[in-house]
Amino acid sequence: MKKYHATSLLCLFFAVSWVKGQNKSDIDTLPTLKLKEVVLSSNRLEIPLSQNSKTVQVFTANQIRQSGVTHVVDLLQQIAGVDIKRRGAGATQADLNIRGGTFDQTLLLIDGIKLDDGQTGHHTLNFLPPPQMIERIEIVKGPGSRAYGQNAFTGAINIVTKKVTPKTLTLDLQKGNYDQTNGSIFLGNTSEKTSVLGFVSRNTSDGYRYNTDYDQNQFFIKSSFNRHKTPLEFIASYSGRKFGSNGFYATPSAKDQYEETQASLISLLHRHTKGSWIFKHKLYWRRGQDMYEYIRNKPEIYRNLHVTNKLGAAFDSSLASDWGLTGMGVDISRVSIRSNNLGDRNRTMMNFFMEHRFYLFNKSVDITPGLVANYFSDFGSHSFPGIDMGWQISPRLRLYANSGATFRIPTFTDLYYTDRTTLGNANLKPEEATSSEVGIRLLSPKVSFSFAFFSRKAKNLIDYVKNGKEDNIPFKAENIQQVNTSGIDFELTHRIKINSLIHEFKISYSYLENNLKNTGYNFSRYSINNDLKNHFVSNYQIPIHKDFNAYLVYKYVERTSGDAYSVVDVSAQWRISRWQVSLYFNNIFNTEYWESNLVPMPKGNGLLGLRYSF
């Protein structure tokens, strides 16, 4: 472990030395390349990526379009350290994990609206908007409780949707293996004061093995009013999924499972500026529904039905002054669930946020302490501090560090679920951790890179554990005494112009090491046995012609269990006037692998697409 720490520090030292040794002409050899500054969409302090003191990675709308992905889930798999565990094809069901956390420890936001699920984090990714509606994706690694509240235990992903688009109407049709059929319509129009964007789709498949068929329906609407003064934004979205769940849950031998889920969101967002003040207000309603059958079409044998509702309001503000930048806010929400298994439950949550960014030494150094204080009707009051620090070595180069306390309260499933293989535990305590990291980031038109070393000391982690592997011994939710996690994140992007076309090559790597103390259990579903250890991703955007683009992705995963696999995906897009022909091929070398510990992933499969834009 000492050798590992020393290696991390040496990498950091040589990275600083190398960048300081580069002159401006070395970095700007391609003067026509421009790197647009990204301002991260925090609920309070809006800070450019180049001045942020956390490990943040961003996918822009152009990068999303060039990747050719049909589902955002496939895009998130291209970030080292982000562990997307899919069950089956078509992004039907997948879990989101960051830096060795569980699916309940990462928070998903859409335009700053928190979409945590009181039932279970298994449904988090059901709310993902379609790629066509996304302006950018902000992946924030590390503790986020100070900024977002509970559930941002190991990280957060904020998806910023598009506000405007030229007048457009686009029709898409895709056909692929396993009788995959995808159809969608995207439309948009923008005037001086208003804009409207809409998307509707249906995706179906017979499945790549027995009982893995699916039928997915989605719509997403966003309208903006009074765009140039005090903009008001309205969002309405729905995602409905019906799918065979062969081995998805319980045991691999449970081949006849079936599930139907619904995810709905309605929200209003308002932004108002007055002098040096910025005010943001949000009102939203989030609904989830989950119906599960152990034997498909035989609900009398075993059936669960859960309906969750969350009503929330958030009021945030920031003030720029001679003393620095101050942010404060409060959010209030009420979560309720009706379930034939979990019972009828509810929870009221209140969070108060406060942070201030101090500038020192002519703004080359900044320090941002902050605090979140919260109240939960079933778990009482808590407070969690944190601090970010940064040294802006140059406009492009930044050295940063942060440390903070983070937490997660149990879901209703953790507390109350019961069946023959799984038992909840009403006596669970909230999870807590202290996380720290130090890193360096360079942003330039030609070369960008980031490197970070992080550590997390967690206690009372919730996992489903048991001491025997026999099927008749159920997993029970327990607080694991202590898990210490450390690791590194690295990303390098190189852009080069060839024949007036910009090629982009990116590599990213993540290493994780877990040290479990006093668990007392031999088998675990989530926290112990199946974490990432080594995760390497490379992708290459290849513009062969101004109207023809190819995209290549290589992914290598090694888990703590010793399982390892490599997967290669490739896509291509060819534009001909108003038409576009696309090909997306997954797992081109037919690798046999598992992302969760229960479900084998499909062998090589592809989608051929046709798009027409009016």
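Just one of the listed residues (179, 172) is over 25 Å from the mean Cα position of the chain (by Cα), surrounded by fewer than 17 Cβ atoms within 10 Å (Cβ to Cβ) and in contact (Cβ under 8 Å) with a residue 24 or more places away in the chain, and it is 179. Being in contact with a strand residue (DSSP E or B) (Cβ under 7 Å, 6 or more places away or on another chain), buried (at least 19 other Cβ atoms within 10 Å of the Cβ) and modelled with pLDDT of 95 or more: is that true of residue 357 here? Yes: the conditions hold for residue 357.
Here residue 256 clears all of (1) outside any strand (DSSP E or B); (2) at pLDDT below 95 except the condition numbered (2). If the condition is being of a type in the set (Gly, Ala, Ser), closer than 27 Å to residue 553 by Cβ and at pLDDT 70 or above, then region 12-64 contributes 41, 50, 61.
Inspect region 317-324 for any residue being assigned to a strand (DSSP E or B), of a type in the set (A, V, I, L, M, F, W, C) and under 30 Å from residue 388 (Cα atoms) and give the result as yes or no. Within region 317-324, one or more residues are assigned to a strand (DSSP E or B), of a type in the set (A, V, I, L, M, F, W, C) and under 30 Å from residue 388 (Cα atoms). Selection of region 60-105 for residues being farther than 17 Å from residue 143 by Cα, without any contact (Cβ under 8 Å) to a residue 60 or more places away in the chain and out of contact with any helix residue (DSSP H, G or I) (no Cβ under 9 Å at 6 or more places or on another chain) yields only 62. For region 489-497, does any single residue satisfy the condition of being touching a His at 6+ places or on another chain (Cβ under 6 Å) and buried (at least 16 other Cβ atoms within 10 Å of the Cβ)? No, every residue in region 489-497 fails to be touching a His at 6+ places or on another chain (Cβ under 6 Å) and buried (at least 16 other Cβ atoms within 10 Å of the Cβ).
The set of residues in region 393-440 that are of a type in the set (Phe, Trp, Tyr), within 23 Å of residue 334 (Cβ to Cβ) and surrounded by 20 or more Cβ atoms within 10 Å (Cβ to Cβ) comprises 407, 412, 417. When residues in region 534-590 are screened for being of a type outside the set (Val, Ile, Thr), within 18 Å of residue 89 (Cβ to Cβ) and crowded, with 17+ Cβ neighbours inside 10 Å, 9 of them pass. The listed residues are 442, 461, 415, and the only one of them that is touching a strand residue (DSSP E or B) at 6+ places or on another chain (Cβ under 6 Å) and over 17 Å from residue 145 (Cα atoms) turns out to be 442.
In this structure, does residue 436 turn out to be more than 22 Å from residue 386 (Cα to Cα) and either free of Cβ contacts under 8 Å to residues at least 40 places away in the same chain or not charged (D, E, K, R) (or both)? Here the answer is no, as residue 436 does not meet what is asked. Meeting the requirement of 1 or more residues that are under 30 Å from residue 204 (Cβ atoms) and small (Gly, Ala, Ser), the strands (runs of 3 or more DSSP E) wholly within region 529-610 are 548-559, 564-576, 579-586. In the set (1) in contact with a Phe, Trp or Tyr (Cβ under 8 Å, 6 or more places away or on another chain); (2) more than 22 Å from residue 184 (Cβ to Cβ); (3) surrounded by 22 or more Cβ atoms within 10 Å (Cβ to Cβ), residue 79 fails one condition alone, (1).
Among the residues examined, residue 387 does not qualify as of a type in the set (Val, Ile, Thr) and closer than 30 Å to residue 239 by Cα. Restricted to region 358-474, the set of strands (runs of 3 or more DSSP E) holding at least 1 residues that are out of contact with any Phe, Trp or Tyr (no Cβ under 9 Å at 6 or more places or on another chain) and over 26 Å from residue 488 (Cα atoms) comprises 365-376, 380-392. Selection of first residues in region 591-614 that are within 24 Å of residue 249 (Cα to Cα) and of second residues that are part of a strand (DSSP E or B) and among the hydroxyl-bearing types (Ser, Thr, Tyr), restricted to Cβ pairs under 6 Å at least 6 apart or on distinct chains, gives the following pairs, ordered by first then second residue: 591/565; 593/565.
Residues of region 215-228 that are in a loop (DSSP other than H, G, I, E, B) and either under 15 Å from residue 197 (Cα atoms) or touching a Ser or Thr at 6+ places or on another chain (Cβ under 9 Å) (or both): 226, 227. Looking only at residues in region 214-234 that are surrounded by fewer than 21 Cβ atoms within 10 Å (Cβ to Cβ), within 26 Å of the chain's Cα centre (by Cα) and not polar (S, T, N, Q), the one that is nearest to residue 285 (Cα to Cα) is 234.
The values are calculated or read from the model by the stated rules, or taken from the named source; none is laboratory data. Because the structure is a prediction, the values reported are computed rather than measured. Note: ideal-geometry Cβ built from the backbone for every residue, glycine included; neighbour counts use all protein chains shown.
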